[in-house]
Every structure is written in structure tokens, then in C-alpha cells.
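Below: one structure, written as C-alpha cells.
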Amino acid sequence: MNIRTASAFDSFLSASLLAIPSAVSAIMKCDPTHLILGYSGPGWRGDTDLEVRTSDGRTIGVSITTPGIAFTSALEHLGAKRIAILSPYPAEFLHNVSRYFTSHGFDVAHKSVNTAQTASGLQT
């Protein structure tokens, strides 16, 4: 799938979110006490936790860790306030990540999608 455009990337994220409830339902059959969602794209929208916790209108009954929750908790534990983000993903993804961290009280000082430019000292 080509996800280089903002609309294609948003479609990819939406399709990914639609797949979460059935995946969660299947994994819950093993009776976990905690659920870790290991994905990147959908986790930065900010609403993924709510989507998962209310899949099919029901609470799944266990605590959940998403990439966003894990990063936010770790940064808060470290006392980080101002962060820089380096990512090889498309600009739209980086925009979602930046918006996610800003909405959680972090100052995003720098973000870059081109690691070669960043390494050579060129700004985004």
C-alpha cells in the first residue's frame, strides 16, 4: 500500500483501527491480565485507547498499554518536558506523533522525517 499522501495514510490508519476490535476479541480468549498493543500508526491518533476499551460497546476488562501511553509514561518518569522527534515515516505520521505529544503537555522542539537531512544538520 502506498501511504505517501496524507489521505492514503489516513485511510491506512482508519483501516488499522477497524481491525483492532476483532484482534482484541481474539487475543482476550487467552485471558490476559494486561494487553500491550504493539503497533505504530494508529496509536498516535489519541483516540485508539478509547476505541480499544470500548470495542463493540463493551469494556474489555484489562488494562491496556499502547505505544503512546508507554512513551508518555516513560517521558514523564524521566521528567522530560521538551522533546525532539526523529522518524523515517511519512510527514503525516510525524504530524500525528507531534500532535499527540503536544496534547499530552510536551514541547516538541524539533521533528524530522528525513534522517539523512537531520544527520547532515539540515532542518526538516
Using modelled amide H (1.01 Å from N, peptide plane; none on Pro or chain starts), what sits under 5 Å from the amide H of Ile85, excluding residues fewer than 5 places away? His110, Lys111, Ser112
Using mean Cβ contacts within 10 Å as the protection proxy, how do 26-35, 94-103, 67-76 order, highest first? 94-103, 67-76, 26-35
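Every number here is computed from the coordinates shown, using simple stated rules; none is lab data. Values in this document were obtained by computation on a predicted structure and should not be read as measured data. Virtual Cβ from ideal backbone geometry, glycine too; neighbours counted across all protein chains shown.
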